[in-house]
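The values are calculated or read from the model by the stated rules, or taken from the named source; none is laboratory data. Bear in mind that the values here come from a model prediction, so they are computed numbers and not experimental data. Using ideal geometry, Cβ is built from the backbone for each residue, glycine included, and neighbour counts are taken over all protein chains shown.
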């Protein structure tokens, strides 16, 4: 097959928004559920944050489930489909800039500081959001209050010692946080080794001669630094859960610390120096690789192909507009035993040109793409977005602390993140829900106490109404303002588990192993010849296909929306895009498909005429990417699909 490439996401036609009221009425009935299994009358608690952060985390009127029904835009929750445990939770970063502002607040207004810290780390207050997954820069980063860059040891041969920034600001703030919640999960990431260990003699990455790297002669020194830093923090009462090998190893800034690694070099250093050094020191810590943007898929792929055994998982960032969190699914499905975390994103509700996703949107889509935890960037910045030495332009913290008055403002993204972190308990499992119902982005969870949580965020420019069907037991309608986020929580009877194996009369979504996205009919067309493409799961019926026995071990795949069959156009050429076409009887051979088991949990779909497999063109992650046929290759993930039963 041709090599993977990125495609620009295109717009999909949408019909006009339709207004609905909070009730159980709908346009079309769902599959019949026995009355004894219905949850009609069950109550769900509701909290909402407006698009500008107004009315943050405000309780709303409870909703009651009515009879199962569908509307124009549909969100479906299904707790029979359970994926990852959200073991990390949600949080932000203890940068030096954040710690500097918080310690100034503590000095000038101790009670205000205490109140703020309880809101951030506790959940008892109405606007307390219980953040528990945290990242600490091991050395100076782009968000540093000092005028100079620093590490904890700055000259060759000197004994290790924590810096004044560590002992005077960062550690005291973290200790205050641990006093509120002693179960915080804390990871550390370095921006640069000390200058004396590097090829250019500076912590700044690009000092005029391009990329700077760690000198091989100091590979062991840098691994020893990790050991000393972890021991020093832990001796100060700060438990360190894990580390990443390097922050953004593929980026070389010219105005703040950084250090580049090739995937091969990073993997070899972790395998031969960092991992053995931690082991000898008796430090059992998670080691995450990559720690960079979703769009640079080739680098983490090379890292895992060469050194998967040396890493516990991968860390990812959200930056650059083309970035797609589906990259996490693509890697996870190739290396399913490795953990997945989103570890840096600085965004507010309205995306900027370098950050495609707002805070709630990014967090929910990260969870939908296997993230076990999500960390945003700075916890707190001042009114100018500082203190800052360079780097992220327009980045904001969750909180603004005025540098002159120490006045505190809880920003919109504080509340947007809190709509998730406050209600998703430690140990929660991610359960299935519609990824993106025409701008309503969601994720759902089952807490250890049995309560279920659905969080929905409206990415549209206008208020949008949608229908929620919960476990097939009942439904309700809701209208969410533009850029607003809503959380529903309650106890609903479990969904019926449906078989995920091919059988006549069953209806499935066919979800790509590569992208995690199902294929459907472009624009939900009902016309002969309409193109078949992949798209974010939106619970529309054009993404569902009913199996009809065509005899001889073959199936017709009949689209639930159009009633037309999946068709290859009668050609045997590689690269031809699939279409839908009317099926008469059991159809022509080009409308008949063999569905055979491939790798664990996935299937290959082969056309009877061509003998070629359905395939996501170029291994794309993009919406509207063509579903084509291609010569079958064993083990090719672009040709493997998960059968997700819908009825």
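One residue is enough: does the stretch 20-31 have a residue meeting the conditions modelled with pLDDT of 50 or more and either in a loop (DSSP other than H, G, I, E, B) or in contact with a helix residue (DSSP H, G or I) (Cβ under 8 Å, 6 or more places away or on another chain) (or both)? No, every residue in the stretch 20-31 fails to be modelled with pLDDT of 50 or more and either in a loop (DSSP other than H, G, I, E, B) or in contact with a helix residue (DSSP H, G or I) (Cβ under 8 Å, 6 or more places away or on another chain) (or both). Only one of 585, 611 is modelled with pLDDT of 95 or more, within 15 Å of residue 568 (Cα to Cα) and part of a loop (DSSP other than H, G, I, E, B); which? Exactly one of 585, 611 is modelled with pLDDT of 95 or more, within 15 Å of residue 568 (Cα to Cα) and part of a loop (DSSP other than H, G, I, E, B), namely 611.
One line per residue, one yes/no per condition, for (1) part of a loop (DSSP other than H, G, I, E, B); (2) closer than 19 Å to residue 265 by Cα; (3) without any contact (Cβ under 8 Å) to a residue 60 or more places away in the chain; (4) within 32 Å of the chain's Cα centre (by Cα):
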site: 135; (1), (2), (3), (4): no, no, no, yes
site: 141; (1), (2), (3), (4): yes, no, no, yes
site: 145; (1), (2), (3), (4): yes, no, no, yes
site: 165; (1), (2), (3), (4): no, no, no, yes
site: 173; (1), (2), (3), (4): no, no, no, yes
site: 193; (1), (2), (3), (4): yes, yes, no, yes
site: 211; (1), (2), (3), (4): yes, yes, yes, yes
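Would it be correct to say that residue 65 is within 23 Å of residue 492 (Cα to Cα), at pLDDT below 95 and not assigned by TED's automatic domain parsing to the domain that holds residue 413? For residue 65, the condition - within 23 Å of residue 492 (Cα to Cα), at pLDDT below 95 and not assigned by TED's automatic domain parsing to the domain that holds residue 413 - is not met.
Taken over the stretch 319-343, the residue count meeting the criterion of being under 23 Å from residue 136 (Cα atoms) and more than 11 Å from the chain's Cα centre (by Cα) is 4.
Looking across the stretch 279-312 at every residue that is without any contact (Cβ under 8 Å) to a residue 40 or more places away in the chain and buried (at least 20 other Cβ atoms within 10 Å of the Cβ), the one that is farthest from residue 331 (Cα to Cα) is identified as 294. Entry remark, the stretch 187-242: residues being surrounded by fewer than 21 Cβ atoms within 10 Å (Cβ to Cβ) and either outside the structural domain of residue 263 (by TED's automatic domain parsing) or more than 30 Å from residue 177 (Cα to Cα) (or both) number 20 in total.
Of the residues that make up the stretch 470-492, is at least one at pLDDT 95 or above, crowded, with 22+ Cβ neighbours inside 10 Å and touching a helix residue (DSSP H, G or I) at 6+ places or on another chain (Cβ under 6 Å)? Yes, that holds for at least one residue. Got at least one residue in the stretch 368-382 being assigned by TED's automatic domain parsing to the domain that holds residue 147, surrounded by fewer than 24 Cβ atoms within 10 Å (Cβ to Cβ) and over 14 Å from the mean Cα position of the chain (by Cα)? Yes, the stretch 368-382 has at least one match. Here is a check on your reading of the model: is residue 53 at pLDDT below 95 and out of contact with any strand residue (DSSP E or B) (no Cβ under 7 Å at 6 or more places or on another chain)? The answer is yes for residue 53. Filtered by the rule that a residue be more than 16 Å from residue 437 (Cα to Cα) and touching a helix residue (DSSP H, G or I) at 6+ places or on another chain (Cβ under 8 Å), the stretch 508-549 gives 512, 513, 514, 515, 525, 530, 531, 532, 533. Looking only at residues in the stretch 106-133 that are in contact with a strand residue (DSSP E or B) (Cβ under 6 Å, 6 or more places away or on another chain) and either buried (at least 23 other Cβ atoms within 10 Å of the Cβ) or not assigned by TED's automatic domain parsing to the domain that holds residue 388 (or both), which one is farthest from residue 86 (Cα to Cα)? Once the filter is applied, the top-ranked residue is 131. For residue 265, the stated conditions hold: it is more than 25 Å from the chain's Cα centre (by Cα) and either in contact (Cβ under 8 Å) with a residue 40 or more places away in the chain or not assigned by TED's automatic domain parsing to the domain that holds residue 392 (or both). Exactly one residue out of 253, 249 is touching a helix residue (DSSP H, G or I) at 6+ places or on another chain (Cβ under 8 Å), assigned by TED's automatic domain parsing to the domain that holds residue 197 and either part of a loop (DSSP other than H, G, I, E, B) or surrounded by fewer than 17 Cβ atoms within 10 Å (Cβ to Cβ) (or both), and it is 249. Assess whether residue 83 counts as being modelled with pLDDT of 95 or more, under 28 Å from residue 398 (Cβ atoms) and either surrounded by 20 or more Cβ atoms within 10 Å (Cβ to Cβ) or over 22 Å from the mean Cα position of the chain (by Cα) (or both). No; evaluated as a whole, the condition is false for this residue.
Being touching a helix residue (DSSP H, G or I) at 6+ places or on another chain (Cβ under 6 Å) and either without any contact (Cβ under 8 Å) to a residue 60 or more places away in the chain or over 25 Å from residue 506 (Cβ atoms) (or both) is a condition met by at least one residue of the stretch 566-578.
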